Amino acid sequence: MERQKRHAAQRRAVSNAKTEMTINAVNMLSIKPVLFFSAYALARLKTKPSSKPAKRLYRSIAELKELSSQMQSGDIETYGAIGNTITNCVKSYVDLFYEAGKKELKDYMSGCMDGFISHPNNTLDNMFIFPALMADLEKPREEVYETILTEVRKKPTSFIAKHTRSAIELNRYMQSRGIGIQHNEIEHDIIELMDKIIDLMQEIEMGANYARIAAENREIIGRAEGIPNAIWFLDSKVLPIDTNPSRIRRK
């Protein structure tokens with residue numbers, strides 16, 4: 001009996017470790033593009049590194065990188081910290097453009113169009129040139145903050161929705177072929193999970209708080225554990241790491 005309890009506890013620890021790493025890796029999808037945007041702007045926009053907006057952005061990048069390291073090692077649980085750090089970095093990124101001169105903005109946008117940042121249907125690419133265009137048009141910077149933050153907040157939930165749906169479709173296909181086992185409670189969980197994702201996406205569109213979104217994403221991933229293949233699908237797309245309860249190592 002004691003051995004069975006120990007084995008059950010070990011299995012729970014392994015599951016919890018993997019789920020926690022999945023949650024952190026999915027939340028990293030909000031951080032990576034912000035770091036990418038910011039590094040590109042600092043390299044391409046002809047702003048002196050010693051200028052106040054550049055210094056603020058360098059500081060924001062350093063804070064976001066530190067947070068990323070904590071998340072990758074499994075040390076971060078405070079979603080409010082994630083949201084605040086992302087928000088500060090996005091605002092510093094946008095401010096860099098709004099405090100640049102007209103010629104700097106024109107040269108930067110020209111470089112984006114001549115380079116690889118020129119795909120009209122790629123949201124990630126659009127975020128490179130969007131703040132420069134809005135600053136050049138003298139539109140309110142607050143609108144730019146919220147547009148980019150909304151796009152960034154959507155990434156983890158969009159990811160969960162896409163790959164959980166793929167897992168659901170695979171599970172149903174296997175059941176239709178007599179490979180999987182039919183569980184009515186799994187079907188019920190699937191419906192509830194997808195409804196929750198849809199509701200959360202609508203909240204994101206209205207600019208919901210990141211801490212709330214991240215906490216909801218965590219609950220959704222936790223519920224997805226009961227759906228065959230769901231966590232495997234998420235991990236296969238987002239996690240380049242192996243985990244166990246005591247150690248996390250890169251492949």
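The values are calculated or read from the model by the stated rules, or taken from the named source; none is laboratory data. Computed from a predicted structure; not experimentally measured. Heads up, the Cβs are rebuilt from the backbone with ideal geometry, glycines too, and the neighbour counts pull from every protein chain shown. We work out accessible area using only protein heavy atoms, side chains counted, and drop any ligands, DNA or RNA first. Shrake-Rupley method; radii C 1.70, N 1.55, O 1.52, S 1.80 Å.
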*Once phi is turned into θ = phi - 60°, what whole-Hz ³J(HN,Hα) does the Karplus curve with 6.51, -1.76 and 1.60 give for every residue of the stretch 151-156, x standing for Gly and Pro?*
5, 5, 4, 6, 4, x
_Not counting ligands, DNA or RNA, and with a 1.4 Å probe, what is Val238's accessible surface area in Å² rounded to the nearest 10?_
20 Å²
*asked:* Can you give me the solvent accessible area of Arg56 with a 1.4 Å probe, rounded to the nearest 10 Å²?
replied: 70 Å²
*Net length gained if the chain between Asp107 and Met194 were fully extended (0.36 nm per residue, minus Cα distance)*: 26.9 nm
_Phi to ³J(HN,Hα) by Karplus 6.51 cos²θ - 1.76 cosθ + 1.60 over the stretch 220-230, Hz, x for Gly, Pro_ = 5, 5, x, 6, 5, 4, x, 9, x, 6, 5
*State, to one decimal in nm, how far the label point of Ser166 lies from the label point of Lys55, with both points 7 Å from Cα in the Cβ direction.*
4.6 nm
*Compute the FRET efficiency between Met174 and Gln202 as 1/(1 + (r/R0)^6), taking r as their Cβ-Cβ distance and R0 = 35 Å, and round to the nearest 0.05.*
0.65
*With each pseudo-label sitting 7 Å past Cα toward Cβ, what's the Leu137-Arg212 distance in nm, one decimal?*
2.9 nm
*Glu151 accessible area, nearest 10 Å², 1.4 Å probe?*
50 Å²
